[in-house]
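S.K.: One structure, as structure tokens, below. Some questions next.
The values are calculated or read from the model by the stated rules, or taken from the named source; none is laboratory data. Predicted model only: the values in this text are computed from it and were never measured. Backbone-built Cβ (ideal geometry, glycine too); neighbour counts: all protein chains shown. SASA here: full protein model, heavy atoms, side chains in, ligands and nucleic acids out. Shrake-Rupley method; radii C 1.70, N 1.55, O 1.52, S 1.80 Å.
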Amino acid sequence: MANNSYSGVKNSTANHHGDFGCSLKDLRSLMELRGAEAIGKIGESYGDVQGLCTRLKTSPVDGLSGQPADIDKRKEVFGQNLIPPKKPKTFLQLVWEALQDVTLIILEVAAIVSLGLSFYRPPDAEREHCGSAAGGVEDDGEAEAGWIEGAAILLSVVCVVLVTAFNDWSKEKQFRGLQSRIEQEQKFAVVRGGQVIQIPVAEIVVGDVAQIKYGDLLPSDGILIQGNDLKIDESSLTGESDHVKKTLERDPMLLSGTHVMEGSGKMLVTAVGENSQTGIIFALLGASEEDDDDEEEKEAKKKEKKEKKEKKKQDGAAENRKKAKAADGAAMEMQPLNSDEVDIDEKRKSNLKEKKEKSVLQGKLTKLAVQIGKAGLVMSAITVIILVVLFVVDTFWVQGLPWHKDCTPIYIQFFVKFFIIGVTVLVVAVPEGLPLAVTISLAYSVKKMMKDNNLVRHLDACETMGNATAICSDKTGTLTMNRMTVVQAYVADKHYRNVPEPQLIPATIMDILVLGISVNSAYTTNIMSPEKEGGLPRQVGNKTECALLGFANDLKRDYQAIRNEIPEEKLYKVYTFNSCRKSMSTVLKNADGSFRMFSKGASEILLKKCSKLLTASGETKVFRPRDREDMVKKVIEPMASEGLRTICLAYRDFPVSEGEPDWDQENDILTSLTCVCVVGIEDPVRPEVPDAIKKCQRAGITVRMVTGDNINTARAIATKCGILQPGDEFLCMEGKEFNRRIRNEKGEIEQERIDKIWPKLRVLARSSPTDKHTLVKGIIDSTVLEQRQVVAVTGDGTNDGPALKKADVGFAMGIAGTDVAKEASDIILTDDNFSSIVKAVMWGRNVYDSISKFLQFQLTVNVVAVIVAFTGACITQDSPLKAVQMLWVNLIMDTFASLALATEPPTESLLLRKPYGRNKPLISRTMMKNILGHGVYQLIIIFTLLFVGEQIFDIDSGRYAPLHSPPSEHYTIIFNTFVLLQLFNEINARKIHGERNVFDGIFNNLIFCSIVFGTFIIQIVIVQWGGKPFSCVGLSIDQWLWCTFLGFSSLLWGQLISSIPTKSLRFLKSAGHGTQRQEIPDEELEDMEEMEEIDHAERELRRGQILWFRGLNRIQTQMDVVSAFQSGSSFQERQLRRQPSTSSQQQHDIRVVNAFRSSLSPYEGLEKPESRSSIHNFMTHPEFRIEDSEPSIPLIDDTDAEDDAPTKRNSASPRNVTPTPPSPSLSPTPSPNQNNNAVESGNNHLYVEGNKAAGTPSAPGSPLHSLETSL
């Protein structure tokens, strides 16, 4: 039955289901049901899940045959597992966006006016009436060339725009490349032809049997075939924060985009891509529409007038519209697999978000750019005013001429020329290269970091890493190799220092031991033959389980044979491992009706539950607390002090006479166990880690280890790694002790208490995910040290999500990490190796330094160019640097220099200094010294050339030239020297900490060399052949050599400057301080909000209005949708809801909307922006709620509290980290009923905006068939 392959494809037009026993429509309607309804429907239509498998021609055990013809057929009939991507922005769109720059628009207008006026020439007779400035043009040909300047300005504007557009385009392309790389990495385990294989998510088809486990993000909809203790977090779809238990009897429906929080199982895939629940919502929220956009915009403009009238009516609507945006954003993020379209939208969103939530560097840069811009504006305004006043005074006062009508165009031409000079001063003053430099630097770093095994998911994380002051690292897999092997064992009353020979262990114990190891582990965990001859066997799956399976192999037993005999379907009950239980148990039913349960777990926890022990004779003896203490002292502590993890293996029999126990009462089940053996598992420290940690400590970064392991093991490993040095006074602490110390009498966490602990804390052992989160939050919020801490955290488990989210930079493990951890992280370590984090620090610091180098260069040019243009204009009534020349300088400065300086590769020396921290200024005093020193030197040279240059070079003076006079050698030399000064200063700018050797490592950066060389070549071309457009005249070899010499002299001058100690220059101030989050002034916040309003709101208002208007008259239909979503809601209830909509129902609907929206965009109001491009762009990331209000946190190791720990797991135990939509306190716009979780109401509602596929009337009577239906 499983392996049908198809030779011919029937064309069944009726329901287009090929020759499968059910159609796409049937499956879609089936997936809309929940709970009992769904089970009823499966029973009624297919008999059972087995029947559905038969209809879909697949086998629950062997899966699909995997033949290409069959797979293609399924893709054709049921669709592919991807949502069609949106088209990227075209190059023309990017050009259009670049043209929106205000300064460029001003220049274009001025150039066009100048162009128009240059064609007007008054009669020659009148010429002398127009003042001396206008006369003096002897050559008619020259006068006719007056249009060239306007044209040249336009041309250079085009150049600038094209360069900007190209940069944006390549940035976009890189971003997409990164995205697709992330997607290719996402694989999922399915059974095909009886073999478990990993396939890319996009290859999953309907009928596949997928294996799901703890931490997975489900890639498609499906029905559970077999499950162990499976709990799913469906908050991303339903807004329901509690984990939903999935069983075959109660609720077997699994939905795409939801997270597996506990357990494991197998599911039959029933809907993929656009037909899955995520896909349907996605389509409804209008993410797949592209064509409507333009029409909508036009429509929106008409609507805006109407909107004003309706403003009063729609106060509530406005709130909802904002949320509509949020939901829209969520739709973008929940894009499943092959989501290219998200990138642009996400980028746009990230750009919008940055305004509110800037990274440290962007905050500093924006502030600096604004200050420079303001100064530039003032300078340019003054320049224009002075030029105009001088001209008017000279013409009408000194020469005493009347205003002639015929001369008006000539005067206007002068004014336009002055205006153009003013604008060019502004263009040069505004450092628009700054954002470009940041982008280039980050994009370049991200690309290179890939090679260093860092997959960066959020650009700003890269730069934040450079400021990191603390790293909280996991132990297993990050500091250690995550290649576990059993090296010691305590079995049959004897402690073996090496793995014992099989004949030393009694047969009865051996059988129990090997059976327990084989069945009480995930069947996805395996030991495979080595890839290379003579290599180590490959460990697949959970590494601790691999160690135990390896132990079984070392005892010369075959665990696979036992698994074949007892397949996963025969396991009676499985309690999977989670962070509360710290153990895993599997129950087998024996032939006589009795049960045997095998357990394994952390030794000190499981031994407390043991009441018997297997002795050498194979008999059991009583195991008292006194014996346990002996065992801890003699066996467990010696093992742990050698850095071994200790795992206890135990079992328990439930005789027939006692009847079947109540399996849900975990406390009663997991007691009176019989201990079989305790093993010591070694996980060797990665050889490169001690060195990496030494580098971190030298770089001023504190490394802390946070682990779930026993404190002795943790201490031993920390000493091997170098986190603890012998004789240090640092703290090692267990989670329980940590919690006791940081809480007051009422059990609340107090920051002051954390502040007493964290500076000394180096190892936190036996810690729960909550402890990790508390520690990270405590360090970040702490103000004890003058420098605020920037914390990086590594994590791999689902439960590490909250800490990864809270940290400034979250690192997830690429190999061992679960999807949920990757989703919450900023950077993924593709090799799970701590030394890659050190590389990330290096790159982060390099980004910071690159930006500073660029700033140092840019500001020198700015200062000089602005002052030269300004004073030149005031004294000689004409800027020595012409508009086109200024634009060329601007291009060198901004685009080329940002490319050259932002792509410097990092060096080890970056790790020799302390982190900058959050409030270190961007421009240090040393940099300020360089900027002012070089600025003054360049000004002296330029002004000398300007005022006495004609005597030095024995040429004609270019000062006071009339309007359209030909270019002069004098001004060409000034322009040439100015550009060459900048070129050589670019080499000076490579060093910002006052180093002397500016050529150090220059040839490692080919981009830098080629840009400097290329600029020089273009400069030669411009000067020699630029002619009138560039206002240049060809220069002789002598003049060129002088210009080059003057340029080169700035390198010598640089040496002189670096000899002056910065300390002696007291008057220097640093600039570009970051604002602390608390310190942002109110007006700036308002500005930020206004900026946000314009960009974000305008675009969305248009869309929102249309959606709102379309939606208003369809609330009736929405009610149906809502009722369709209510899980397990009865038919009568639905009938009741179908009554005409009263205002209260509308109110209710709005509430529902809010509940859904807030669940879709859980990031509103939280610390990290959703500029994060989601790793699968599936649903929004799971939101984590940690209730630390409950004082009873220390459950682990607490003998009395121990017993009830597992049951508490189901209540909101403080350790239970539940993904949830934000409670109203977090959400910026709480819904009217103040209950965004929609939990108390017990309904999971979903309301979808009225942006439906056009022209599909929804029959109110049939909610399931209306297009709006979803969950």
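S.K.: Kindly indicate the residue of the stretch 31-52 that is under 26 Å from R192 (Cα atoms) and either in contact with a helix residue (DSSP H, G or I) (Cβ under 6 Å, 6 or more places away or on another chain) or modelled with pLDDT of 90 or more (or both) and also surrounded by the fewest Cβ atoms within 10 Å (Cβ to Cβ) among those meeting that condition.
M.R.: So, considering only residues that are under 26 Å from R192 (Cα atoms) and either in contact with a helix residue (DSSP H, G or I) (Cβ under 6 Å, 6 or more places away or on another chain) or modelled with pLDDT of 90 or more (or both), the one surrounded by the fewest Cβ atoms within 10 Å (Cβ to Cβ) is Y46.
S.K.: Do the conditions hold for P880, that is, is it in contact (Cβ under 8 Å) with a residue 24 or more places away in the chain, in a loop (DSSP other than H, G, I, E, B) and farther than 30 Å from K1028 by Cα?
M.R.: no
S.K.: Still on this structure: Within the set of pairs 6+ apart or on separate chains, which have a first residue in the stretch 187-216 that is closer than 19 Å to R55 by Cα, a second that is open to solvent by 40 Å² or more (accessible area, probe 1.4 Å) and part of a loop (DSSP other than H, G, I, E, B), and C-beta atoms under 6 Å apart?
M.R.: Short answer, once both residue conditions are applied: G194/D62.
S.K.: Specify the residue that is surrounded by the fewest Cβ atoms within 10 Å (Cβ to Cβ); the eligible residues are those in the stretch 870-895 that are at pLDDT below 80, closer than 22 Å to V1023 by Cβ and in contact with a Leu (Cβ under 7 Å, 6 or more places away or on another chain).
M.R.: T895
S.K.: In the stretch 905-923, what count of residues is obtained for those that are open to solvent by 10 Å² or more (accessible area, probe 1.4 Å) and closer than 30 Å to D691 by Cβ? Break it down into steps so the answer makes sense when it comes.
M.R.: Step one: filter the stretch 905-923 for residues open to solvent by 10 Å² or more (accessible area, probe 1.4 Å), giving 905-910, 912-916, 918-921.
Going one step further and asking which of them are closer than 30 Å to D691 by Cβ, we end up with 905-910, 912-916, 918, 920.
So the count comes out to 13.
S.K.: Tell me which residues, restricted to the stretch 631-682, are out of contact with any helix residue (DSSP H, G or I) (no Cβ under 8 Å at 6 or more places or on another chain), part of a strand (DSSP E or B) and of a type in the set (S, T, N, Q).
M.R.: Selection gives T674 alone.
S.K.: On to the next question. One residue is enough: does the stretch 656-673 have a residue meeting the conditions in contact (Cβ under 8 Å) with a residue 24 or more places away in the chain, surrounded by fewer than 24 Cβ atoms within 10 Å (Cβ to Cβ), among the acidic types (D, E) and more than 28 Å from H773 (Cα to Cα)?
M.R.: yes
S.K.: Tell me the helices (runs of 4 or more DSSP H) entirely within the stretch 41-99 that contain at least 3 residues that are touching a residue at least 40 places away in the same chain (Cβ under 8 Å) and over 30 Å from V157 (Cα atoms).
M.R.: The helices (runs of 4 or more DSSP H) meeting that bar are 49-55, 68-78.
S.K.: Can you list the strands (runs of 3 or more DSSP E) lying wholly within the stretch 492-542 that have 2 or more residues being in contact (Cβ under 8 Å) with a residue 12 or more places away in the chain and touching a Gly at 6+ places or on another chain (Cβ under 9 Å)?
M.R.: Numbers: elements: 494-496, 526-528, 538-540.
The strands (runs of 3 or more DSSP E) meeting that bar are 526-528.
S.K.: A further question on this structure: So which residues in the stretch 217-233 are open to solvent by less than 10 Å² (accessible area, probe 1.4 Å) and free of Cβ contacts under 8 Å to residues at least 60 places away in the same chain?
M.R.: Passing the criteria: L218, G222, L230, I232.
S.K.: Continuing with the same structure: Got a sec? Which of A650, A616, A640 is in contact (Cβ under 8 Å) with a residue 40 or more places away in the chain, in contact with a strand residue (DSSP E or B) (Cβ under 8 Å, 6 or more places away or on another chain) and open to solvent by 30 Å² or more (accessible area, probe 1.4 Å)? Outline the logic, then answer.
M.R.: Values: A650 fails: open to solvent by 30 Å² or more (accessible area, probe 1.4 Å); A640 fails: open to solvent by 30 Å² or more (accessible area, probe 1.4 Å).
Answer to the selection: A616.
S.K.: Scan the stretch 1004-1015 and tell me whether some residue there is open to solvent by 20 Å² or more (accessible area, probe 1.4 Å) and part of a loop (DSSP other than H, G, I, E, B).
M.R.: no
S.K.: Go through the stretch 708-725 residue by residue and tally those that are open to solvent by 10 Å² or more (accessible area, probe 1.4 Å), under 30 Å from G917 (Cβ atoms) and in a loop (DSSP other than H, G, I, E, B).
M.R.: 3
S.K.: Kindly indicate whether any position in the stretch 727-735 is open to solvent by 10 Å² or more (accessible area, probe 1.4 Å), at positive phi and without any contact (Cβ under 8 Å) to a residue 40 or more places away in the chain. Before you say what the answer is, go through the steps one by one.
M.R.: Step one: list which residues in the stretch 727-735 are open to solvent by 10 Å² or more (accessible area, probe 1.4 Å), which gives 727-732, 734.
So of that shortlist, the ones also at positive phi come out as 727.
Checking the rest, the ones that are also without any contact (Cβ under 8 Å) to a residue 40 or more places away in the chain come to 727.
Yes, there is a match, as at least one residue in the stretch 727-735 is open to solvent by 10 Å² or more (accessible area, probe 1.4 Å), at positive phi and without any contact (Cβ under 8 Å) to a residue 40 or more places away in the chain.
Quick grid of which residues meet (1) open to solvent by 10 Å² or more (accessible area, probe 1.4 Å); (2) closer than 28 Å to I851 by Cα:
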| site | (1), (2) |
| --- | --- |
| K447 | yes, yes |
| T464 | yes, yes |
| T476 | yes, no |
| V491 | no, no |
| P500 | no, no |
| L504 | yes, no |
| S521 | no, no |
| K543 | yes, no |
| A547 | no, no |
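S.K.: Suppose we keep only residues that are at pLDDT 85 or above and either of a type outside the set (F, W, Y) or in a helix (DSSP H, G or I) (or both) within the stretch 170-193. Which one would you say is nearest to the chain's Cα centre (by Cα)? Spell out how you get there, then give the answer.
M.R.: Within the stretch 170-193, the first condition is being at pLDDT 85 or above, and the residues that meet it are 188-193.
Among the residues that remain, those that are also either of a type outside the set (F, W, Y) or in a helix (DSSP H, G or I) (or both) are: 189-193.
Working: A189: 25, V190: 28, V191: 32, R192: 34, G193: 37 Å.
Only one residue tops the list, namely A189.
S.K.: Among A461, A429, which is the only one that is among the small types (G, A, S) and more than 24 Å from the chain's Cα centre (by Cα)?
M.R.: A429
S.K.: Ok, one more. Are there any pairs, at least 6 apart or on different chains, whose C-beta atoms fall under 8 Å, with the first in the stretch 418-431 and at pLDDT 75 or above and the second not in a helix (DSSP H, G or I), and if so, which?
M.R.: Correct list of pairs: I421/D878; I421/S879; V425/S879.
S.K.: Right, another one. Select from the stretch 1029-1042 the residues that are touching a helix residue (DSSP H, G or I) at 6+ places or on another chain (Cβ under 7 Å) and over 20 Å from N890 (Cβ atoms) and write down the one among them that is surrounded by the fewest Cβ atoms within 10 Å (Cβ to Cβ).
M.R.: The extreme case among them is G1034.
S.K.: So, in the stretch 792-819, exactly how many residues are farther than 15 Å from F834 by Cα, outside any loop (DSSP other than H, G, I, E, B) and in contact (Cβ under 8 Å) with a residue 60 or more places away in the chain?
M.R.: Qualifying residue count for the region: 9.
S.K.: Inspect all residues belonging to the stretch 752-768 and state whether any of them is open to solvent by less than 40 Å² (accessible area, probe 1.4 Å), touching a residue at least 40 places away in the same chain (Cβ under 8 Å) and more than 23 Å from L724 (Cβ to Cβ).
M.R.: Of all residues in the stretch 752-768, those open to solvent by less than 40 Å² (accessible area, probe 1.4 Å) come to 754-755, 757-758, 761-768.
Adding the requirement that they be touching a residue at least 40 places away in the same chain (Cβ under 8 Å) leaves 761-768.
Among the residues that remain, those that are also more than 23 Å from L724 (Cβ to Cβ) are: none.
No: the stretch 752-768 contains no residue that is open to solvent by less than 40 Å² (accessible area, probe 1.4 Å), touching a residue at least 40 places away in the same chain (Cβ under 8 Å) and more than 23 Å from L724 (Cβ to Cβ).
S.K.: When you look at Q787, is it assigned to a loop (DSSP other than H, G, I, E, B), open to solvent by 50 Å² or more (accessible area, probe 1.4 Å) and within 23 Å of L804 (Cα to Cα), yes or no? Walk me through how you get there before you give the answer.
M.R.: Working: assigned to a loop (DSSP other than H, G, I, E, B): yes; open to solvent by 50 Å² or more (accessible area, probe 1.4 Å): yes; within 23 Å of L804 (Cα to Cα): yes.
Taking the combined requirement at face value, the residue satisfies it.
S.K.: How many residues does the stretch 896-938 contain that are assigned to a helix (DSSP H, G or I) and at pLDDT 85 or above?
M.R.: Matching residues across the stretch 896-938 total 21.
S.K.: Related question: Among the candidates K806, K853, K839, K822, which residue alone is open to solvent by 10 Å² or more (accessible area, probe 1.4 Å) and under 30 Å from F975 (Cα atoms)? Walk me through how you get there before you give the answer.
M.R.: Numbers: K806 fails: under 30 Å from F975 (Cα atoms); K839 fails: under 30 Å from F975 (Cα atoms); K822 fails: under 30 Å from F975 (Cα atoms).
Being open to solvent by 10 Å² or more (accessible area, probe 1.4 Å) and under 30 Å from F975 (Cα atoms) holds for just one of K806, K853, K839, K822, which is K853.
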